[in-house]
Amino acid sequence: MELRQMEYLVAVAEEGHFTRAAALCGVSQSGLSAAIRNLEKELGASLFDRTTRQVALTDAGRALLPFARQMLAQASAGRDAVVRASHQLSGRLRIGSEQCLGVLDVGPLLERFRLRYPLVDVQFTQAGSRELATQVRAGDLDVAFLATTQHLGPLRRLELGRRPVVGLVHPTDDLARAAQVSWEDLAVRDFVDFREPWAIRQLVDAAFADRHLERRVRMSVDDVHTLLDFVQRGLGVAVVPQHVAAKPQAAGLAVLDLPDGGAPEWVVSAVSAPTAEPAALRLLELLGEANLAVARAA
């Protein structure tokens with residue numbers, strides 16, 4: 001068994017999808033699938049049940065998964081120990097991030113960076129994607145994790161993953177029982193949404209504007225849990241990235257698939273200045289190690 005195979009196993013298990021897992025690991029789908037098949041052949045057991053709709057771990061896969069994670073963690077700890085002993089990187093690293101990105105868990109990434117480079121002064125701020133991009137362009141941030149591809153100018157962008165967006169409504173809303181939902185159906189509802197600097201607000205505003213539809217945002221928030229609470233109380237409907245609809249706080253709400261054709265996507269990227277500082281480059285390198293960029297709910 002190889003570390004590369006363990007990385008792929010964890011990615012597919014957490015993604016439930018070979019194509020998304022391959023994109024997160026930076027390999028072709030055929031290469032990832034071949035590595036998993038070779039691992040299954042070596043072990044003499046099938047690790048995944050594959051259907052046209054989903055990929056799920058078998059009993060053998062579930063038995064192997066914790067050992068795969070342990071192998072990756074030990075390999076990462078070993079790399080960290082070598083780096084600490086041989087490279088005493090210092091200086092300052094200013095990082096910004098949108099909340100609840102879905103395809104990246106920022107906390108473990110910052111923890112790993114601090115363990116590997118203890119002399120670097122790490123500073124973190126949370127803000128909307130528009131504000132974060134402005135701060136990176138102005139030199140006030142070194143790296144930002146955001147969910148927009150617009151107005152980035154000369155910034156370097158590394159795409160980390162993407163998700164569809166879905167509608168959320170109270171279970172008593174008529175739309176909860178509708179076979180199909182149109183943008184016009186949503187436009188006549190009151191909305192709970194984030195304020196304008198946040199990425200999802202920009203995505204949803206643009207989706208309605210592209211269809212020449214107006215909507216009523218009655219509740220503007222800065223926190224995903226407040227948004228879910230307001231929808232739970234019937235104060236409005238919301239359009240959110242798919243991973244937000246899977247949060248425990250969203251339990252009981254009706255999840256609506258949005259109409260095909262031009263529906264916005266939640267695209268998460270890391271951006272940095274064209275002339276990034278050494279500490280920023282080291283942080284971005286960590287994204288390619290182990291499964292730090294594997295999707296998991298924030």
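Here are the numbers for the structure shown:
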read-out	value
Hey, R216 under 24 Å from G128 (Cα atoms) and assigned by TED's automatic domain parsing to the domain that holds V143 or not	no
Selection within region 191-216 - part of a strand (DSSP E or B) and buried (at least 18 other Cβ atoms within 10 Å of the Cβ)	F191, V192, D193, F194
Subset of region 219-275 that is of a type in the set (S, T, N, Q) and either in the same structural domain as L155 (by TED's automatic domain parsing) or within 20 Å of L132 (Cβ to Cβ) (or both) - its residue that is farthest from the chain's Cα centre (by Cα)	T275
Test: residue in region 36-46 that is loosely packed, with under 13 Cβ neighbours inside 10 Å and either assigned to a loop (DSSP other than H, G, I, E, B) or at pLDDT below 80 (or both)	yes
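Here's the yes/no breakdown for (1) touching a Phe, Trp or Tyr at 6+ places or on another chain (Cβ under 8 Å); (2) surrounded by fewer than 18 Cβ atoms within 10 Å (Cβ to Cβ); (3) over 26 Å from E15 (Cβ atoms):
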site	(1), (2), (3)
A187	yes, yes, yes
Q249	no, yes, no
D257	no, yes, no
V268	yes, no, no
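The values are calculated or read from the model by the stated rules, or taken from the named source; none is laboratory data. Bear in mind that the values here come from a model prediction, so they are computed numbers and not experimental data. So basically every Cβ, Gly included, is an ideal-geometry build from the backbone, and we count neighbours across all protein chains shown.
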